[in-house]
Amino acid sequence: MVKWWKQSAFYEIYMPSFKDGNGDGLGDFAGITSKLDYLKELGVDGLWLTPFYASPKVDNGYDIADYYCIDEVYGTMEDFEAFIAEAHRRDIKVIVDIVLNHTSSEHVWFKESRSSKDHPKRDWYIWRDEPNNWESFFSGTAWEFDEATGQYYYHAFAREQVDLNWANPEVKNAMYDVMRFWLEKGVDGFRLDVINFLTINESFIDNPYDHDKKEQIHLYDKDQEGILSVIEEIADVVHQYPGKFLVGEVGSEDINILKRYSGLNKLDVSFNFNIGSIAEFDAEKIYKKLVETEKAYDSGQIATLFFSSHDMSRHISRFGGDEDRAKMAAVLILTAKGVPFLYQGDELGMKDWVPDDIMKMMDVQGRLTYEQAVKNGKSKEAALVAANERCRDKSRTPMQWDSGPHAGFSEVVPWITVPEDAFHTNVENQEGNPDSMLSFYKRMLKLRKEHTSFQTGEYEFLRFQNGILSYMRSNEMERTFVALNFSEEEKSLELELKNMNLLLSNKRNKVENSEVLTIVGNEVIILKEDAGNDSLNQR
Ligand code: GLC
């Protein structure tokens, strides 16, 4: 039987910004539950929720202070349980983000650990008399001096996100208990935050420096020895519960690193940043990344496909703000080989948004980048430019539900500015419009659901010719063909198969059965082989 997640399209919900149900300007479980019908109608099969556990929210919940509690701004445990039940009632799965690498400095474990050098929990975190040169992934040193005991503790991210010591079996067991707790609550799996960071080089060798890029090379603070056996242990804990799914955030764009983490007895999939982080809308590059992934993965390994998340600039903005391109990206995500992950608002063509005063909107990564740049003697203007580049809030603005105040996200002023274009770009405006981005996403999600070749089919070929990216996917049931003309010009393409029926195009309603297909600029065309075709019957 095909595993459910191989057939699913996932949708990331950024907790603070999806829907405010209790009028405090922040998203919450009541809000999400009220929008489950919307999500069902959109056609997604699984939700990924960003962290909702009790947290001081220095990094919007990726700094957990209590793994067993729902943060009060998001609701109660009853609200969570009601949400899970309602999602499941609609046949929607829920995977939750879990941060195993670090806890908040407010977590009781850390409070105990820092209280004295002899405390039994001292070794739950990483303490040293002297720091080495490792830098935080946000900016600045990764070591914080703690006056109380005169030692430094390690934090790969903000100083309020303290790295756990995964070499300590007690830490592992405590975290496995956390995972079991949420599995018992009925979650369908986990998104494992920065999972390749769990182990570090215990000799604490200094990281080298890249003089061209003028940045540290993170050689000894991630992807270290022992990480794969930890991953196997985690997978073992989770897979004791049949049907549960594990997707890992492996912070790397290197396919050779990414591929190590998924497969039998490991993560089910990891995020393919090699494809997802692509900066421009460059067909050839995308093609090369797809080929690279296809070549690198063993037969049992499956890629993930996404172009946006709460950590990166929205792809429609990266790709020049063009709706045609965003539609092509949607087609790729939903028809190429891999498990798709959409980010909330992609389906509306929501764009990055930065208000005039960027300081009003500065997530911890942006803020620390700013502080470090000033410390390094940069001018305020230059520091702001650097911060703006790394500030992730631009893709975290509230979901745009309607043209009313605060985009229908909340009845009060939201925690973060609502983009100006929310008045036009919103669910209400797009819902009845067959040409809207939302309608396009709905059609695409439906198409994916109705055609198993898009879920499990192999590539018969994957090509880039004359500016057109094309592929044929097939399984024992069917054969489908996708062509994307990334250029502005009309191109022609030789079709090897006859008797293909049009499933979808963004530019036409029918296709002539001929050997040469003319495909206009920015056109996407999806065809399916006629079931009566001889070649198919022979297979
Ligand atoms: C992951 C999260 C990001 C967070 C970081 C540290 O990359 O996606 O938002 O800041 O981990 O926990």
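The values are calculated or read from the model by the stated rules, or taken from the named source; none is laboratory data. What you are looking at is a predicted structure, and each value in this text was computed from that prediction instead of being measured. Cβ placement follows ideal geometry from the backbone for every residue including glycine, while neighbour counts extend to all protein chains displayed. These area figures cover heavy atoms from the full protein model, side chains too; ligands, DNA and RNA do not enter into them. Shrake-Rupley method; radii C 1.70, N 1.55, O 1.52, S 1.80 Å.
Could you work out the relative contact order of the chain? I mean the mean sequence separation of Cα pairs under 8 Å and 6+ apart, divided by the number of residues, in percent.
12
Where does the chain land on Rg(C-alpha)/(2.2 N^0.38 Å)?
Here the answer is 0.99, to two decimals.
If you average the sequence gap of Cα pairs under 8 Å that are 6 or more apart and divide by the length of region 389-539, what percent do you get for the contact order?
Here the relative contact order equals 15 percent.
Per-residue ellipticity at 222 nm for the chain, helices alone: DSSP H runs ≥ 4 residues times -39500 (n - 2.57), over residue total, nearest 500 deg cm²/dmol?
-8000 deg cm²/dmol
Would you kindly find the accessible area of residue 76, with a 1.4 Å probe and non-protein molecules such as ligands, DNA and RNA excluded, rounding to the nearest 10 Å²?
For residue 76, the solvent-accessible surface is approximately 60 Å².
For the chain, with all protein chains present and a 1.4 Å probe, just round the carbon and sulfur fraction of the accessible area to a whole percent.
46
Working with all protein chains in place, sort 79, 129 by solvent-accessible area computed with a 1.4 Å probe, largest first.
Output order, biggest surface exposure first: 129, 79.
I'd like to check one number: the per residue accessible area of region 386-514, probe 1.4 Å, reported in Å² as a whole number.
Accessible area per residue, region 386-514: 47 Å².
Under unit Cβ charges (Lys, Arg +1; Asp, Glu -1), what dipole magnitude, rounded to 20 debye, does region 108-154 have relative to its Cα centre?
Around 180 debye, computed over region 108-154.
What figure in square angstrom, to the nearest 10, would you give for the accessible area of residue 214 with a 1.4 Å probe?
150
For region 420-479, build the charge dipole from Cβ charges (+1 Lys, Arg; -1 Asp, Glu) around the Cα centre, then report which of 432, 464, 477 sits farthest towards its positive end.
The one lying farthest along the dipole's positive direction is 477.
Taking only C-alpha pairs under 8 Å that are 6+ residues apart, what is the relative contact order of region 355-395 in percent?
52
Around residue 450, under 12 Å between beta carbons, what's the net of Lys plus Arg minus Asp minus Glu among the other residues?
Taking every Cβ under 12 Å from that of residue 450, the sum is +4.
About the Cα centre of the chain, how large is the charge dipole given +1 on each Lys and Arg Cβ and -1 on each Asp and Glu Cβ? Please answer in debye to the nearest 20.
1000
At a 1.4 Å probe radius, which order do 391, 69 fall into by accessible area, largest first?
69, 391
Per residue, how much accessible area does region 108-154 have with a 1.4 Å probe, in Å²?
On a per-residue basis, region 108-154 sits at 49 Å².
Ranked from the most accessible area to the least, with a 1.4 Å probe and all protein chains present, what is the order of 4, 415, 166?
Largest to smallest exposure gives the sequence 415, 4, 166.
Using only the alpha-carbon atoms of region 412-539, report the extent along each of the three principal axes, biggest first, to the nearest angstrom.
Taking max minus min along each principal axis of the Cα atoms, region 412-539 gives 62, 32, 24 Å.
If the only charges are +1 at each Lys and Arg Cβ and -1 at each Asp and Glu Cβ, what is the size of the charge dipole of region 355-395 around the Cα centre, to the nearest 20 debye?
140
Rank 139, 154, 109 by how far each Cα sits towards the positive end of the charge dipole of region 108-154 (+1 on Lys, Arg Cβ; -1 on Asp, Glu Cβ) and give me just the farthest.
Checking the options against the dipole of region 108-154, the answer is 109.
What's the center-to-center distance, using Cα atoms, between region 484-516 and region 336-355 in Å?
What the calculation gives is 26 Å, centre to centre.
With every atom except the alpha carbons ignored, what do you get for Rg and Dmax of region 457-529, in angstroms?
Gyration radius and largest Cα-Cα distance of region 457-529: 11.4, 36 Å.
What does DSSP give for the chain in terms of the percent of beta bridges that are antiparallel, rounded to the nearest 5?
65
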